[in-house]
Each structure stands twice: as C-alpha cells, then as structure tokens.
C-alpha cells in the first residue's frame with residue numbers, strides 16, 4: 001500500500017518542490033535588486049565631503065571622530081574693530097551684547113546647529129585679523145575671495161571642474177551682496193544696462209579703503225574715493241560725480257540706503273559686481289580639524305537650502321537693513 005501511495009504522489013511532490021524552488025529564486029532576485037537600488041541611492045545622496053545629504057546636523061559627525069567626554073572644540077573667530085553696518089555693529093574691541101551685527105548673528109545661528117563646537121570672538125584691526133589667521137593665532141575670518149589669501153587660509157571647495165585657485169563654489173558663501181551704481185535721473189536715461197551712452201568715462205564715488213571698484217570691460221570707471229561717504233548723494237546732485245557705488249542687495253534683500261530712495265536718484269540695474277563672503281579657516285586649524293571645517297561649510301550650504309532656516313536668516317538681516325544710511329554701506333574684505 002505504501003508503494004502504491006508513493007507512486008501516486010511522487011510526481012505531485014516533485015512538482016511542488018520545483019514550484020518552491022522557483023518561488024525562492026524569485027524572491028532572492030527581488031531582494032538583491034532592492035539592495036542594489038538602495039546602495040545606489042545612498043551613494044547618490046553623498047556629497048563632495050562624503051556626508052549624507054539627508055543626514056541631520058547632529059548625525060554628520062561620525063562617533064569615531066569626536067570625543068563626547070572632551071570639552072567642545074573652540075573656534076576662534078576674528079573680525080574688524082570698526083563698525084560695518086549691517087554686518088558688524090559698534091567699534092573698538094568690545095563685542096556688543098545686543099545687535100552685534102548681522103554677520104555675528106548669522107555665525108551664532110550656524111554654530112548652534114553644529115554639535116560639540118563653540119564660537120569665540122575677538123575684534124582687531126582687519127589686517128591684524130589676517131595676520132593672526134596666517135600665524136594660527138585665530139582659526140576663522142569671514143572674507144571675500146582673494147587668491148593671495150590661499151597662502152594664509154583655506155576656502156571652501158571650488159566648483160567641480162574649476163582650477164584649484166578658482167573662486168570657491170558660490171553655494172558655500174556666508175554673505176552675498178550686489179554692488180550697483182546709483183545716479184541722477186538725467187544720467188540714468190543714458191544707461192543701457194552695461195554703460196552710459198555717449199560717455200567715454202564715468203566718475204564713480206566709492207568709500208575710501210572699504211570698497212574698490214571692480215574692473216569693467218563695458219565702461220571706463222574713474223574712482224572717486226570718499227572718506228565721508230554720506231557726502232556722495234550731494235556730490236551727485238551737484239554734478240561733481242556721475243555715479244556712486246552702493247550695496248543694492250544683501251542676500252537678495254533690498255539694501256538701498258534710505259537717502260537714495262528719492263525721486264531725484266535712480267539705482268541702476270543690473271548690478272555691476274557681486275561680493276561673496278566665505279568662512280576662511282587658518283591652514284593650521286584646517287589641518288587639525290578638516291572634518292569640522294567641512295561640516296561648517298556644508299551646514300551653511302544646507303541652511304540656505306532649508307526654507308525655514310533661510311527665512312530665519314533673512315529675518316536677521318532685515319532687522320539691520322531697515323533704514324540703513326549711505327555711510328553704513330559697502331565692504332571690501
């Protein structure tokens with residue numbers, strides 16, 4: 001009887017075994033495909049610093065790279081001892097407890113979002129800040145790009161495919177400001193977006209020692225430096241200068257001085273130049289804390305891509321920009 005049963009059911013059992021094998025093979029292939037897809041997705045989400053683009057701020061420092069028992073890493077920041085509105089308020093070596101300046105509040109916002117790090121600040125003459133950076137006596141300044149400064153500090157990465165001494169990738173900029181020309185109505189009619197029609201040269205006022213006019217292929221600009229830049233609008237009306245250079249936008253926000261929002265004046269578009277300020281670390285600090293430096297650059301970039309953080313930073317700058325005056329504008333760091 002057992003032999004008869006075996007002969008009857010053996011083909012069915014064999015068929016079931018084949019079906020089970022096919023079932024197992026199918027799901028093995030499917031799970032392998034899912035694993036490969038996940039691996040490619042994770043790789044694609046990794047940026048040039050080797051950090052996950054979707055990681056939270058606190059997740060970006062690997063546990064093996066930081067000693068949670070050790071005191072927080074101090075980053076020594078230096079900035080100029082003269083007021084430079086809206087970026088820095090007050091003068092001298094003291095750091096204002098309230099309204100210290102938009103750049104200072106921006107940095108405080110940034111550092112608050114990076115774990116186990118503390119920002120310390122000191123004020124010195126600007127050239128001494130740069131000297132201290134070169135000597136490793138301070139760790140960080142905020143500066144516009146200048147190829148000469150690559151010998152004393154480390155800028156964020158350059159765009160992909162760019163030369164090693166090219167300007168850093170704009171996505172890592174901490175500050176952005178557009179420089180425009182302002183003039184009077186009669187001359188504004190000659191502006192064609194690149195130069196003034198019928199004018200071989202243009203006398204352009206700018207703040208002495210605070211902003212150099214950028215080179216221009218479209219027109220010959222003759223610099224007219226002013227120690228007291230609040231005199232520039234009056235000189236425009238008197239016809240002693242043809243135009244004056246101003247910050248017209250900061251972070252894309254209107255930063256036109258209140259004196260120039262008058263029917264007699266016109267702020268010309270487009271901007272003739274754009275300044276960008278970057279976190280510039282000392283060579284010594286970057287060698288010892290490369291991952292932390294990379295993290296700070298990357299976190300700044302992500303602040304600008306986050307709608308909530310960008311709005312919070314815009315609010316900081318608006319607080320300072322409302323009602324600013326001519327003599328408080330322009331920067332050449």
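The values are calculated or read from the model by the stated rules, or taken from the named source; none is laboratory data. Just so we're clear, the structure is a prediction, and the values are computed from it rather than from any experiment. Here Cβ is always computed from backbone atoms with ideal geometry, including for glycine, and neighbour counts include all displayed protein chains.
Does residue 205 fit the bill of being in contact with a strand residue (DSSP E or B) (Cβ under 7 Å, 6 or more places away or on another chain), at pLDDT below 95, more than 23 Å from residue 320 (Cα to Cα) and surrounded by 15 or more Cβ atoms within 10 Å (Cβ to Cβ)?
So residue 205 passes the test.
Modelled with pLDDT of 95 or more, assigned to a helix (DSSP H, G or I) and out of contact with any strand residue (DSSP E or B) (no Cβ under 6 Å at 6 or more places or on another chain): is that true of residue 149 in this structure?
yes
Among the helices (runs of 4 or more DSSP H) contained in region 220-309, which hold 2 or more residues that are at pLDDT 95 or above, within 23 Å of residue 87 (Cα to Cα) and within 16 Å of the chain's Cα centre (by Cα)?
Of the helices (runs of 4 or more DSSP H) lying wholly inside region 220-309, those with at least 2 residues that are at pLDDT 95 or above, within 23 Å of residue 87 (Cα to Cα) and within 16 Å of the chain's Cα centre (by Cα) span 290-305.
Which members of region 108-129 meet the condition of being part of a helix (DSSP H, G or I), surrounded by 17 or more Cβ atoms within 10 Å (Cβ to Cβ) and out of contact with any strand residue (DSSP E or B) (no Cβ under 7 Å at 6 or more places or on another chain)?
110, the sole residue that qualifies.
Do we have residue 63 as surrounded by fewer than 19 Cβ atoms within 10 Å (Cβ to Cβ) and modelled with pLDDT of 90 or more here?
no
Which of (1) crowded, with 18+ Cβ neighbours inside 10 Å; (2) under 28 Å from residue 105 (Cα atoms); (3) touching a helix residue (DSSP H, G or I) at 6+ places or on another chain (Cβ under 8 Å) is the odd one out, the single condition residue 254 does not satisfy?
Condition (1) is where residue 254 drops out.
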